1. Against the definition (outside the structural domain of residue 152 (by TED's automatic domain parsing) and at pLDDT 90 or above), how does residue 92 come out, yes or no?
2. Please verify whether segment 63-73 includes one or more residues that are touching a helix residue (DSSP H, G or I) at 6+ places or on another chain (Cβ under 8 Å) and either part of a strand (DSSP E or B) or under 24 Å from residue 192 (Cβ atoms) (or both).
3. In segment 113-127, which residue that is part of a loop (DSSP other than H, G, I, E, B) and at negative phi is surrounded by the most Cβ atoms within 10 Å (Cβ to Cβ)?
4. Identify the single condition in (1) surrounded by fewer than 17 Cβ atoms within 10 Å (Cβ to Cβ); (2) at pLDDT below 95 that residue 55 does not satisfy, given that it satisfies every other one.
5. For segment 52-60, check the following and say yes or no: at least one residue is under 17 Å from the mean Cα position of the chain (by Cα), assigned to a loop (DSSP other than H, G, I, E, B) and touching a residue at least 24 places away in the same chain (Cβ under 8 Å).
6. For segment 9-26, enumerate the residues that are touching a strand residue (DSSP E or B) at 6+ places or on another chain (Cβ under 6 Å) and more than 17 Å from residue 209 (Cα to Cα).
7. If you scan segment 190-201, which residues turn out to be surrounded by fewer than 22 Cβ atoms within 10 Å (Cβ to Cβ) and either touching a residue at least 40 places away in the same chain (Cβ under 8 Å) or farther than 17 Å from residue 172 by Cα (or both)?
8. Quick one: would you say residue 103 is over 24 Å from residue 26 (Cα atoms) and free of Cβ contacts under 8 Å to residues at least 12 places away in the same chain?
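The values are calculated or read from the model by the stated rules, or taken from the named source; none is laboratory data. On a predicted model such as this, the values are computed, not experimentally measured, just so you know. All Cβ positions, glycine included, derive from the backbone under ideal geometry; neighbour counts span all protein chains shown.
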């Protein structure tokens, strides 16, 4: 469903993503982990066609994103790291606008809005929303088009505990429908609970991509995903500094 082959992205002399290769199968949930600035967001932007690779290729559903961007992007729905909407429009107006862009009905938009659990705020202007409520609106919009691929950049940012619980339910619902999901997160517990596999980025490189069970079996003396994550970051930062 998703294939990334030797992806490299440079900004002048800075290499944001360095020779990254991975596949995500249909119906799989793949979590991207790594420190700030490790390449997760750039990778997701490249997957959705917002950033052109310096070298390498990216495929969604077998289609090269940069040779056939419109066709490839029709298979994906993307939530950026920072979501913003016009302050003077209501949540309902915004979600109906996005529905019209996708040629979807108002009924589909309203169903997505109801699933977001806005607690009576659907017809209030977004300028009155908390950061977490704005994030919920973004997730509701992402769920609307029924795209087979979801690409989510820090989807739990700003969410309160209720919102995080709802996000977990959202991922499990989407997975039950056969969706392929890639999301980045700093909440390691979310990756442990939701992902089939994780990919760990350090300084632009994908240094590990395995199931959590496989990671634990590889490092029996490290009992939590936090320990495993810190091990990979520490070892690969050390290796980078000694090259």
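1. Working: outside the structural domain of residue 152 (by TED's automatic domain parsing): yes; at pLDDT 90 or above: yes.
Considered against the rule, which asks whether it is outside the structural domain of residue 152 (by TED's automatic domain parsing) and at pLDDT 90 or above, residue 92 comes out as yes.
2. Yes, some residue in segment 63-73 is touching a helix residue (DSSP H, G or I) at 6+ places or on another chain (Cβ under 8 Å) and either part of a strand (DSSP E or B) or under 24 Å from residue 192 (Cβ atoms) (or both).
3. Here is the first cut: in segment 113-127, the ones part of a loop (DSSP other than H, G, I, E, B) are 116-124.
Next, from what is left, pick out any that are at negative phi: 116, 118, 121-124.
Working: 116: 24, 118: 19, 121: 20, 122: 17, 123: 11, 124: 14.
That would be 116.
4. (2)
5. Within segment 52-60, the first condition is being under 17 Å from the mean Cα position of the chain (by Cα), and the residues that meet it are 58-60.
Restricting the remaining residues to those that are assigned to a loop (DSSP other than H, G, I, E, B) gives none.
Scanning segment 52-60 turns up no residue that is under 17 Å from the mean Cα position of the chain (by Cα), assigned to a loop (DSSP other than H, G, I, E, B) and touching a residue at least 24 places away in the same chain (Cβ under 8 Å).
6. Answer for segment 9-26, where residues must be touching a strand residue (DSSP E or B) at 6+ places or on another chain (Cβ under 6 Å) and more than 17 Å from residue 209 (Cα to Cα): 9, 16.
7. The first filter runs over segment 190-201 and keeps only residues surrounded by fewer than 22 Cβ atoms within 10 Å (Cβ to Cβ), leaving 190, 192-194, 196-197.
Within segment 190-201, 190, 194, 196, 197 qualify.
8. Numbers: over 24 Å from residue 26 (Cα atoms): yes; free of Cβ contacts under 8 Å to residues at least 12 places away in the same chain: yes.
Yes; evaluated as a whole, the condition is true for this residue.
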